1. What does the charge count near Ala6 come to, summing +1 for each Lys or Arg and -1 for each Asp or Glu among other residues with Cβ under 11 Å from its Cβ?
2. Please find the FRET efficiency linking Asp106 to Ile22, where r is the Cβ-Cβ separation and R0 is fixed at 35 Å, and quote it to the nearest 0.05.
3. Per the 1.4 Å probe, what fraction of the accessible area of segment 87-185, in percent, lies on carbon and sulfur atoms?
4. Taking only protein heavy atoms into account and a 1.4 Å probe, give the accessible area per residue of the chain in Å².
5. Taking a temperature of 4 °C and a viscosity of 1.567 mPa s, what whole-number D in µm²/s does Stokes-Einstein yield for the chain with Rh from Kirkwood over alpha carbon pairs?
6. With a Förster radius of 22 Å, plug the Cβ-Cβ distance of Gln61 and Leu12 into 1/(1 + (r/R0)^6) and report the FRET value to the nearest 0.05.
7. Give the ranking of His65, His5 by solvent-accessible surface, highest area first, calculated with a 1.4 Å probe.
Amino acid sequence: MNYVHALRFRFLTPLYDAVVAIGMRDKVFKRRLIDQAEIAEGMRVLDVGCGTGTLTILGRQAHPHAEFTGIDGDPEILATARRKAAVAGLSVRFDHGLADALPYPDASFDRVVSSLLFHHLVPQQKRRAFAEIRRVLAADGQLHIADFGKPAGIYATAVSAVLARFDGIENTRDNFEGRLPALLVDAGFTVLERQRFSTLFGTVSLLAATRAPSTTGDES
Ligand SMILES: C[S@@+](CC[C@H](N)C(=O)[O-])C[C@H]1O[C@@H](n2cnc3c(N)ncnc32)[C@H](O)[C@@H]1O
């Protein structure tokens, strides 16, 4: 099975929060993603590939009256997430599980959010994960993703070539070719909004998608 840990090698996981804070200013685009998701009181929100829980925790802090669950396939990183939530005094549920086999009934969430997960998944896993996310979303639910997209400019293109070697050529190809929106459409979503965010590690795309089907195509 293809499984890429947060910084590819397990022994690097303790450095993850520092690396993404310095290299990506991750809290800036994670806050934007939470804003974009327009989470209302009482909504059930799932963070897929939650890692150390930064996005889940930011979401819960911004929306104390919504219900947040994070899920990740790495039990060790989930221990960090639980610790961070406890230190922040927040009640957040963190579950162990895979993005392409979500352990939740149909229509259990109003919003699914996810950051920096999909470039860890090979194309088949991406497709299955999108199908699973669509299944667990309510009929009027939305998916909000922040992940590497098509590099904007020479610097981001050069960095993406390095990152592809680090995280895996097959995992990252659809991201760097700007194909996540097309894959979402194939999975039955309508892609609503796209924003870009430049980081030292390359271009992050913020996508919003509704569960309803449509016919739009590639990221430009
Ligand atoms: C780069 S980290 C991103 C973590 C967090 N979302 C963030 O933005 O900081 C990618 C995370 O995806 C998790 N992951 C990788 N493959 C997964 C899969 N198939 N199912 C669930 N989680 C997965 C890893 O364990 C890791 O925590």
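The values are calculated or read from the model by the stated rules, or taken from the named source; none is laboratory data. Computed from a predicted structure; not experimentally measured. FYI the Cβ positions are ideal-geometry reconstructions off the backbone, even for glycines, and counts take in every protein chain you see. Areas reflect the complete protein model, heavy atoms only, side chains present, ligands, DNA and RNA absent. Shrake-Rupley method; radii C 1.70, N 1.55, O 1.52, S 1.80 Å.
1. So the surrounding residues net to -3.
2. On the way: r = 40 Å, r/R0 = 1.14.
Using R0 = 35 Å, I get an efficiency of 0.30.
3. Answer for segment 87-185: carbon and sulfur cover 58 percent of the accessible area.
4. Details: 9790 Å² over 220 residues.
That works out to 45 Å² for each residue.
5. Answer, rounded: 76 µm²/s.
6. On the way: r = 27 Å, r/R0 = 1.22.
The pair Gln61/Leu12 has a calculated efficiency of 0.25.
7. His65, His5
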